[in-house]
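S.K.: Quick one: this structure, given as structure tokens, is what I'll be asking you about.
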Amino acid sequence: MEFAALFAISLLIGALVLLVAIAVGKPKGGTIQKIEQKEDTAVEEDGDKAPPSKKQKQQQRLRKEKTQQHTFTHPLLASSLKSHSGNITCLDFSSNGKYLASCADDRTVRIWSTKDFLERDHRCLRANVDLDHATLVRFSPDSRAFITWLANAETIRVFKMSKKEDGSFSFKAAPEDFPVKHKAVVINIGIAETGKFIMTASTDTTILIWDLKGEVLATINTNQMTNSYAAISPCGRFVASCGFTPDVKVWEVCFGKSGEFKEVARAFDLKGHSAGVHSFAFSNDSRRMVTVSKDGTWKLWDTDVEYKKQQDPYLLRTAQCQVSEGSRIALSPDARVAAVSSGCSVAMFSTATGAAEEEFQSVHSEEITDLKFDINNRFLVCSGDRAIRVFHNTPGYRAAIQDMQVMLKKASNEAMRQRLEQQIQEAQSALDSVYSTSKN
């Protein structure tokens, strides 16, 4: 009996201990579970944090690009034209001198007014290149249209410019692009000043001569292994090319008296470099040419020759210069100044002496893609990143003054002497104004 009572008490005590253990353990387990759940929720909230939207990414990229935008200053820098959001690949002045065209990989072509170069604000007109972007741009001779080379479509697209009542322009692309003919990368295009033909040149030694409607008139094989540059002369008669070989080849595009195309005839060669030629340029009257080569020199040539009588061009000047793969050379319209690009820098040389007159270091954050003088000899422009740098052509002013002073000493009559004195005074005044502005 006592044993039974003792056993019953033991069971009761064991049951109570078990209940107490369960009661104590349950809240503890619940608290741990809640903490674990809270920690899991926090991890899920961090892990599921919404990624930045496309607009936010674009804004972040623009802020980053803005902070990294290349800055350049120089006393002879007239202005920096900034409107493109992509890298600029080509520049071209209109034949009337009023406009500068630029194209970039931002799918736009911009038309700038040259009279605004010295202004504080530089407005421009925008032509959109739908579903593509232009790598090259050239004005038509009448400055009422321009042609572009399309990067993706690999063809020419024509844009017509229509003047509005407010003086600005509207742009309209032609209904159809030119047919695709080139099989390699196109390095340059051009429209003859005569308005008779268009030229396109590619790296595989091919140059095509087109009529204005998009029909191929002739195909030229330059036989230079690779083409590095090609262009039409300002007079509209010649097409020239350079490349792997150490010479520049020049052809005449011949038309009949009634305007019909006849042939492309070999005119002359520029021979004298010891390595491949990067680039070349013509003077405005096509009587002078300059070339820049891998051999580290630039040369000035007299091309005003009777090539049909087997007369060769004359070498007038050879000078040392810094070059890089893709160097460009420009010749002022009056042939007094040559400019050579090397990487991101530019040097200006006197063609009379071959001496370096001005040097501009690190003009762009990337390699210079184009280099041009305006038709009035006042400015030198270049592109490389998203900005166009406009420099005063002070070597041109100095050279013009020196030439006119020599002419003044030889003047045979009073009228000529007075005219030269006035021109010298005007040129000196313009030069003084540039230097005064630079100091300020």
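The values are calculated or read from the model by the stated rules, or taken from the named source; none is laboratory data. Keep in mind that what you see is a predicted model, and the values were worked out from it rather than measured. Using ideal geometry, Cβ is built from the backbone for each residue, glycine included, and neighbour counts are taken over all protein chains shown. Side chains included, ligands, DNA and RNA excluded: accessible areas come from the protein's heavy atoms. Shrake-Rupley method; radii C 1.70, N 1.55, O 1.52, S 1.80 Å.
S.K.: Glu366 versus (1) in contact (Cβ under 8 Å) with a residue 60 or more places away in the chain; (2) over 30 Å from Ala101 (Cα atoms): which is the lone unmet condition?
M.R.: Going through the list (1) in contact (Cβ under 8 Å) with a residue 60 or more places away in the chain; (2) over 30 Å from Ala101 (Cα atoms), Glu366 breaks only (2).
S.K.: Let me ask you something else. Given the options Phe255, Phe261, name the one that is surrounded by fewer than 23 Cβ atoms within 10 Å (Cβ to Cβ), in contact with a Leu (Cβ under 7 Å, 6 or more places away or on another chain) and either closer than 30 Å to Leu212 by Cβ or basic (Lys, Arg) (or both).
M.R.: Matching residue, one of Phe255, Phe261: Phe261.
S.K.: Just a yes or no: is a residue in the range 228-236 part of a loop (DSSP other than H, G, I, E, B), within 25 Å of the chain's Cα centre (by Cα), closer than 16 Å to Lys183 by Cβ and hydroxyl-bearing (Ser, Thr, Tyr)?
M.R.: no
S.K.: Considering only residues that are open to solvent by less than 10 Å² (accessible area, probe 1.4 Å) and under 17 Å from Gly167 (Cβ atoms), which ones fall in the range 102-113?
M.R.: Of everything in the range 102-113, those that are open to solvent by less than 10 Å² (accessible area, probe 1.4 Å) and under 17 Å from Gly167 (Cβ atoms) turn out to be Ile111, Trp112.
S.K.: Further question on the same structure: Sort out which residues of the range 178-204 are surrounded by fewer than 19 Cβ atoms within 10 Å (Cβ to Cβ) and either touching a Ser or Thr at 6+ places or on another chain (Cβ under 6 Å) or polar (S, T, N, Q) (or both), and write them in order of number.
M.R.: Val180, His182, Ala184, Val185, Thr194, Thr203
S.K.: Where in the range 294-349 are there strands (runs of 3 or more DSSP E), lying fully within it, with 1 or more residues that are without any contact (Cβ under 8 Å) to a residue 60 or more places away in the chain, open to solvent by 20 Å² or more (accessible area, probe 1.4 Å) and among the charged types (D, E, K, R)?
M.R.: Output list reads 297-302, 314-320.
S.K.: If you take just the strands (runs of 3 or more DSSP E) that sit entirely in the range 350-437, which of them hold at least 1 residues that are touching a Phe, Trp or Tyr at 6+ places or on another chain (Cβ under 7 Å) and small (Gly, Ala, Ser)?
M.R.: 356-360
S.K.: Take Ser162 and tell me if it is open to solvent by less than 10 Å² (accessible area, probe 1.4 Å) and either free of Cβ contacts under 8 Å to residues at least 60 places away in the same chain or over 27 Å from Phe391 (Cβ atoms) (or both).
M.R.: no
S.K.: Further, regarding this structure: Just name the residue that is nearest to Ala275 (Cα to Cα) out of those in the range 194-227 that are outside any loop (DSSP other than H, G, I, E, B) and without any contact (Cβ under 8 Å) to a residue 24 or more places away in the chain.
M.R.: Asn221
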